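Okay, structure first, notes after.
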Amino acid sequence: MAEQGPGGRIALVVRRRVADEAYAEFTRWQAKVSEQLRSVPGFLRQELVPPAPPHQLDWLVIQRFETLAAARAWLDSPERARLLAEIRRDLIGPEETRLFPDAGGEHDAAVSVVFTYTIDPADAAEFEAWQRRIQDAETAFAGFLRHKIEAPKPGLHDDWVVVVSYATDADLDRWLASPERTAVLAEGQRFIERMQYRRNSYGFGFWFREGEAGGRDNFAILRTNLIVLLVLYPVVALWNLVLAGPVADVGVPPWLALFLGNLFASQILGWWAVPAAARRFRWWLAPAAGRRQRLAGYAVVMVLYALSMAIYAGLLASGVGVR
């Protein structure tokens, strides 16, 4: 009988960082992989998820198989090794591969944080009770979709995996920064000491664990927020210098002018500024970045903050935008 994972079907999830200039080549290469997979026994289908900066900087490839044996056979096959050799020069760092039970989930609009915990089997009941208390707190926040707990499964993953999903990034950020979360996390401090996490723009159909060097990064959200601020400040300054005056001159009320300013800033940030900045600072945002690399990133960001403020102050002093 063929070896099967829990529930039968298996999802092989591959995470790769691809050089910006190689996106087109990577997409063409992935089409070759899809063609090869059609002849692989037990293969069902494949889904390709492009990066979604600033939270997800990697490409995700989800390949679904009928059995665990079929997935492992493809993973270890010479055909896959040959294809990887063709694209290796365009990849940044090692690829990450994980095997999970296929829950049938497709790419959705949810955003998730995926936590992995190394738990002593004797503490499993207490851990699950703590997770239920966390879920009770999460449900009170707008946008909550799901809190899924996945117990260890021999042959697939050895840790407990917890997926917390909200409808939007803003909803998820609100929960992550809340005092309610801080309070309930304090109850399970000994579990947190052996926790890792990853944030995904992909929904809650799959479960990831941190596989890169350096382990848990408690300041990943802080670095992301600093990048957002880095591009937000000059965009708001541009609005104030160039557009705020004309908008006020035509009689737009302050409450509407505030909305228009936020609309202007959010569109520039979402469509262009934040993705561009995330690509430029990918070396700093990467989970595997070393201590010196992290410190250098903070220094660069602080210098750019000071430069932005100095330019804005100089423009105001010279009368630009002043009415």
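None of the figures in this text is laboratory data; all of them are computed from the coordinates on show. Predicted, not measured: the structure shown is a model, and the values here were computed from it. Please note: Cβ atoms are built from the backbone with ideal geometry, for glycine as well, and neighbour counts cover all protein chains shown.
A few comments on the model shown:
- For T139 and I192, the FRET efficiency from 1/(1 + (r/R0)^6), where r spans their Cβ atoms and R0 equals 22 Å, is about 0.60.
- For the stretch 10-101, the Rg and Dmax computed from alpha carbons only, in angstrom: 12.8, 37
- Cα-based Kirkwood hydrodynamic radius, the stretch 111-200, one decimal, Å: 13.4 Å
- Once the Cα-Cα distance is subtracted from the 0.36 nm per residue extended length, the L258 to L84 segment shows a gain of 57.6 nm.
- Annotation: extensible slack from S39 through A122 equals 25.4 nm (criterion: 0.36 nm per residue apart, minus Cα-Cα distance).
- Amide proton proximity set for V252, modelled H, under 5 Å, gap of 5+: none
- Estimated Rh, the stretch 220-317: Kirkwood, alpha-carbon pairs, angstrom: 15.0 Å
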